[in-house]
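Beneath this line is the structure, given in structure tokens, with notes to follow.
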Amino acid sequence: MDVLTKEQRRKAMQRIRSKDTKIEIILRKALWEKGYRYRKNYKKLPGSPDIVLTKYKICIFCDGEFFHGKDWEVLRPRLAKGSNPDYWLPKIERNMERDRENDQKLLLMGWTVIHFWGKDIQKKPEECIQVVEEAIFDNYLNR
């Protein structure tokens, strides 16, 4: 494992985006090609979902594995041994907690909430679209 200098780490962290990430763009293009229209980073809803299909009341979050704690039981011990665990452990745990809070608020407002991991979007975008279409169908049946 390469150890980065503070300056290299700072530059790497600065390049991490919160909007228009590669995974968001992949999913948005796939949705657009299927004829679905959406809102991006919709600030009127809790958590500003990455993609919102307002017509169907569906919120989609495109989550990066690291920052949203995928496989937390595996990642947590690794971070605890790494550099700066006093920063990273509370940060990621708070991100996960915030995700749960926002999901709860959205569900109470009657929205369907979908989370996709970045790697799933990159490797299997068609499966992600299928999940969205199933949610649209379910919402249509439950009207």
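The values are calculated or read from the model by the stated rules, or taken from the named source; none is laboratory data. Keep in mind it's a predicted model, so treat the numbers as computed, not measured. Ideal geometry is used to build each Cβ from the backbone, glycine not excepted, and the neighbour counts take in all protein chains shown.
Some observations on this one:
- Number of positions in region 40-75 that are closer than 16 Å to VAL113 by Cβ, of a type outside the set (A, V, I, L, M) and either surrounded by 13 or more Cβ atoms within 10 Å (Cβ to Cβ) or in contact (Cβ under 8 Å) with a residue 40 or more places away in the chain (or both): 15
- Residue check, LYS44 modelled with pLDDT of 90 or more, in a loop (DSSP other than H, G, I, E, B), out of contact with any helix residue (DSSP H, G or I) (no Cβ under 9 Å at 6 or more places or on another chain) and of a type in the set (Lys, Arg): yes
- When GLY110 is tested against (1) touching a residue at least 40 places away in the same chain (Cβ under 8 Å); (2) surrounded by 12 or more Cβ atoms within 10 Å (Cβ to Cβ); (3) not in a helix (DSSP H, G or I), just one condition goes unmet, and that condition is (2).
- In the set (1) closer than 22 Å to GLN122 by Cβ; (2) surrounded by fewer than 19 Cβ atoms within 10 Å (Cβ to Cβ); (3) touching a helix residue (DSSP H, G or I) at 6+ places or on another chain (Cβ under 9 Å), the condition left unmet by LEU31 is number (2).
- The residue pairs whose first member lies in region 76-94 and is farther than 13 Å from PHE66 by Cβ, whose second member is among the small types (Gly, Ala, Ser), and whose beta carbons are closer than 6 Å, counting only pairs six or more residues apart or on different chains, do not exist in this structure.
- Remark: ILE26 falls outside the filter, which requires a residue to be modelled with pLDDT of 95 or more, aliphatic (A, V, I, L, M) and touching a His at 6+ places or on another chain (Cβ under 9 Å).
- Verdict on LEU79 being in a helix (DSSP H, G or I), surrounded by 12 or more Cβ atoms within 10 Å (Cβ to Cβ) and over 19 Å from the mean Cα position of the chain (by Cα): yes
- Of all residues in region 114-125 being in contact (Cβ under 8 Å) with a residue 60 or more places away in the chain and hydrophobic (A, V, I, L, M, F, W, C), the one that is nearest to LEU31 (Cα to Cα): ILE121
- Some residue of region 22-29 being acidic (Asp, Glu) and in contact with a Lys or Arg (Cβ under 7 Å, 6 or more places away or on another chain): no
- Of everything listed in (1) closer than 14 Å to VAL132 by Cα; (2) touching a residue at least 60 places away in the same chain (Cβ under 8 Å); (3) part of a helix (DSSP H, G or I); (4) not polar (S, T, N, Q), the single unmet condition for TRP32 is (2).
- Residue count for region 1-23, restricted to those that are exposed (fewer than 10 other Cβ atoms within 10 Å of the Cβ), among the hydrophobic types (A, V, I, L, M, F, W, C) and at pLDDT 80 or above: 0.
- The condition (being surrounded by 12 or more Cβ atoms within 10 Å (Cβ to Cβ), touching a Leu at 6+ places or on another chain (Cβ under 6 Å), in a helix (DSSP H, G or I) and at pLDDT 95 or above) is satisfied by just one residue among ILE129, ILE121: ILE121.
- On inspection, ARG37 fails the criterion of being buried (at least 16 other Cβ atoms within 10 Å of the Cβ), among the basic types (Lys, Arg) and at pLDDT 95 or above.
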